[in-house]
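Everything on this sheet refers to the single structure shown next.
The values are calculated or read from the model by the stated rules, or taken from the named source; none is laboratory data. Nothing here was measured: the structure is a model prediction, and the numbers come from that model. Cβ atoms come from the backbone with ideal geometry, glycine included; neighbour counts cover every protein chain shown. Accessible surface areas use protein heavy atoms only, side chains included; no ligands, DNA or RNA. Shrake-Rupley method; radii C 1.70, N 1.55, O 1.52, S 1.80 Å.
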Amino acid sequence: MVMEQEFLKQIENIYGKENANLIVKAFNFANEKHSGQTRDGGEEYISHPYNVAKILVNMRADVPTVICGLLHDCLEDTNCTEKEILDAFGEVVLNICVGLSKIEAIKTARTKNNEENENLRKMLLTLGKDARVAFVKLADRLHNMQTLSVKSPEKQLKIAQETLDIFVPLAERLGMNKFKHKMEDLCFKYIYPKEYEETKKFLEENYKKSENILNDIKNQIEKLAKQYNIDAQIQSRIKSSYGVFKKQRQKGKDHVLDIIAHRIIVKEIKDCYTMLGAVHNLWKPVDGRIKDYIAMPKKNLYMSLHTTVLYPTENGGIPFEIQIRTEEMHIYCEYGMAAHWMYKEQGSKATKVQGNSAIYNMKKSLSKNSSNVLKSDESEEFLQIIKTGFYVNKIFVFTPNFNVIELPEGAIPLDFAYAIHTNLGNKCVGAKINGKMVPINTPLQTGDFVEVLTSSNSNGPSRDWLKICKSRSAIAKIKSYFKKEKKEENIKIGKDILEEQAKRKGYSLSKLFEDKETLGEIAAKHHLLTLDEIYAAVGYGGITVSQVLGKFISKQAQREKKEKKLIAQQENANKSSDSIIIDGHDDLLKKVAKCCNPIPGDDIVGYVSRGRGVTIHRRDCATLKCLEQDRIVETTWNKQSLSEFYNANFKVVAKNASGVLNSISTKIADNKVDITFINGDVTKSGDAVITVGVRIKTREQLMDLINKIKSIPAVYDVLR
Ligand code: MN
């Protein structure tokens, strides 16, 4: 078999001479590999890959895709090796071919129950690597459906059902409506032969009956376009028989004109609206049937103007629908995802495609007749996904190398960049979506082509990126960047943030951080070792400001509350100072000093304060040294009027080790002394200082207790 001259001319026209030569090379390669093989219909095997390539050329697939159309059965059905393909056509072609043969491999390695599912699953996985695999597979399947008549009836039914269950939804998912309708009609023919014949007959008969009206409509629109000086192409075609069949089943047989789709295809968007107005001048529009999918594209980004108008007849008029769209919208409607490749290849001479999604939001149920195909529960969800073409909360976008990247809904080009490579994210300075420059926080849509712009002069990620990125992995990578690369800066930033926030809340950071115990707790909780690491973690966003400050502030509040309570307690207990006698000053108001808190038995002196009576200090109290010495008076305890209990307190300086607090309180309890409070702190040098309040009867008892506490190994000293 040789390639037709006509086809050769076509590919030279579309792809240029050099590329056409490559395609010819692939044809010859496949021709040789398949030599001697025949198809079920008796023709040479090469006619199949050749026709697949033709289908791909007609949908303007790119050169590697067309080449793969020719080579698609080589790896499976001939002695061809991967290396041969690699050497002759390069890596891109090889990868697509390998993807295709994986789908085939699954088919031959079927398991009993889950066979179809595995197939679906694998296909989607393959699709996940390069969407072109799916284009070739769809073209392959379309040609197989077109040549299905030579197969046995059982095979026909099986293949048609598989196509309806798997490949039609796949075409739909990729927005390839032309493929979808062609395959759907062929499936219809084999699965419902009777209904197919009926519908076909209905369409043919009615088409003939109304041919005059249809031609008149077409002519009038053409005239109209000329009148308004608009370059328009008018297409009137019979709707797909499966579509009409489904509609009739739902709504009953409608008027004959409903089987025809009229399309006006123009150059520019403004022409769409001009033509809409012109059509409405000519024919009366039906209320509520005008839809502007240009101003408000469908979720899948389908764009067109739809209107239903009345064709006048003697008894009032027959309604018929007209769709108006630009050439690029039209191509997108027909080829969906594949349209991107068309324009990518010929980007210089064609305008860009406007729609940018290929997933069609069509939820037509195909499951009714195929529930017997899949039985495993586990696979239900997956089946649903491919049948509806929907992934919940996920989007799929494309790299310039045709890879499909899965991202969470709302993801932005930065998420995309990080999904490809950490460095691509770190060096990102901008992005293009479908060839257009966009801000890096633009949300991506499924089907977008995303290109990341980088610069070697990039300063690296910005902290704001943490707020705008949607994918966990991007956020983790940005955090890790700040953690590693910007340690010094992070420490400074973290410290500044903490200081500023502490100040705003009315605290001083350095004061708060004197609480080493709390600092230690925070560090341990977040697996940090030093204060700098805590600052750095706040700086790069590993821990939040409130995770740090909140803890200190609540602890501080607790301490303040305790201290107030303690002061109040002591003041209450030692209020009665009748037990103190002051020589010659009996009438004076007497008060026990808080600094040394003397108890009966202590050697005491009085200090005559100005206007506030006499304050009683222990003779060894440090405060006294700072007071006016001539105001100090001798004083003694009145042994007749002692209270039963006195509150006293002392400070224990000890090693900051676990169990110290416990051994102190145990020692006190062993001596049958009541604790009124106990409060721990850590000094700058790292020692524990534990302030203890006790209720004691005598000084001897207190001194005895203090000596016993001093004997605890971890205790350095006890101070009154
Ligand atoms: Mn094939």
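A few notes on this one:
- Subset tally (residues that are closer than 23 Å to K247 by Cα and open to solvent by 20 Å² or more (accessible area, probe 1.4 Å)) for region 207-217: 5
- Check on Q501, assigned to a loop (DSSP other than H, G, I, E, B) and either more than 16 Å from the chain's Cα centre (by Cα) or in contact (Cβ under 8 Å) with a residue 12 or more places away in the chain (or both): no
- Being aliphatic (A, V, I, L, M) and more than 29 Å from A61 (Cβ to Cβ) holds for only one residue in I217, I191, and it is I217.
- Residue in region 131-139 that is open to solvent by 10 Å² or more (accessible area, probe 1.4 Å) and either outside the structural domain of D448 (by TED's automatic domain parsing) or within 16 Å of the ligand (Cβ to nearest atom) (or both) present: no
- Residue within region 677-688 that is open to solvent by 80 Å² or more (accessible area, probe 1.4 Å) and free of Cβ contacts under 8 Å to residues at least 12 places away in the same chain present: yes
- Region 294-321: number of residues that are at pLDDT below 85 and among the acidic types (D, E): 1
- Residue within region 659-674 that is at pLDDT below 80, under 21 Å from L566 (Cβ atoms) and open to solvent by 30 Å² or more (accessible area, probe 1.4 Å) present: no
- Looking only at region 33-49, and only at residues there that are outside any helix (DSSP H, G or I) and touching a His at 6+ places or on another chain (Cβ under 7 Å), the one that is nearest to L94 (Cα to Cα): I46
- Residue match in region 320-329 (condition: within 28 Å of M176 (Cα to Cα) and in a loop (DSSP other than H, G, I, E, B)): no
- Residue check, A537 closer than 30 Å to G336 by Cβ and crowded, with 20+ Cβ neighbours inside 10 Å: no
- Every condition in (1) under 24 Å from G175 (Cβ atoms); (2) polar (S, T, N, Q); (3) open to solvent by 50 Å² or more (accessible area, probe 1.4 Å); (4) at pLDDT 85 or above holds for N229 except the one numbered (1).
- Failed condition for I534, given (1) more than 30 Å from I412 (Cβ to Cβ); (2) in contact (Cβ under 8 Å) with a residue 24 or more places away in the chain; (3) out of contact with any His (no Cβ under 9 Å at 6 or more places or on another chain): (3)
- Members of region 36-66 found to be small (G, A, S), within 16 Å of the ligand (Cβ to nearest atom) and over 24 Å from K17 (Cα atoms), listed by number: G41
- For region 20-31, the criterion of being within 14 Å of the ligand (Cβ to nearest atom) and either surrounded by 15 or more Cβ atoms within 10 Å (Cβ to Cβ) or within 37 Å of the chain's Cα centre (by Cα) (or both) is satisfied by at least one residue.
- Any hit, region 79-89, residues being within 13 Å of the ligand (Cβ to nearest atom), modelled with pLDDT of 90 or more and open to solvent by less than 30 Å² (accessible area, probe 1.4 Å): no
- Those residues of region 503-519 which are open to solvent by less than 40 Å² (accessible area, probe 1.4 Å) and not hydroxyl-bearing (S, T, Y), in sequence order: L509, L512, F513, D515, L519
- Count of region 141-177 residues which are over 30 Å from the mean Cα position of the chain (by Cα) and either within 15 Å of the ligand (Cβ to nearest atom) or among the small types (G, A, S) (or both): 17
- Selection of first residues in region 209-229 that are closer than 15 Å to N281 by Cβ and of second residues that are among the hydrophobic types (A, V, I, L, M, F, W, C) and open to solvent by 50 Å² or more (accessible area, probe 1.4 Å), restricted to Cβ pairs under 7 Å at least 6 apart or on distinct chains, gives the following pairs, ordered by first then second residue: Q220/L282; L224/L282.
- Residue list for region 455-497, restricted to those being outside any helix (DSSP H, G or I) and either surrounded by 16 or more Cβ atoms within 10 Å (Cβ to Cβ) or in contact with a Gly (Cβ under 6 Å, 6 or more places away or on another chain) (or both): P461, C469, K470, S471, K486
- E500 being out of contact with any Leu (no Cβ under 7 Å at 6 or more places or on another chain) and surrounded by fewer than 14 Cβ atoms within 10 Å (Cβ to Cβ): yes
- G69 falls short on exactly one of the conditions (1) more than 11 Å from the ligand (Cβ to nearest atom); (2) at pLDDT 95 or above, and that condition is (1).
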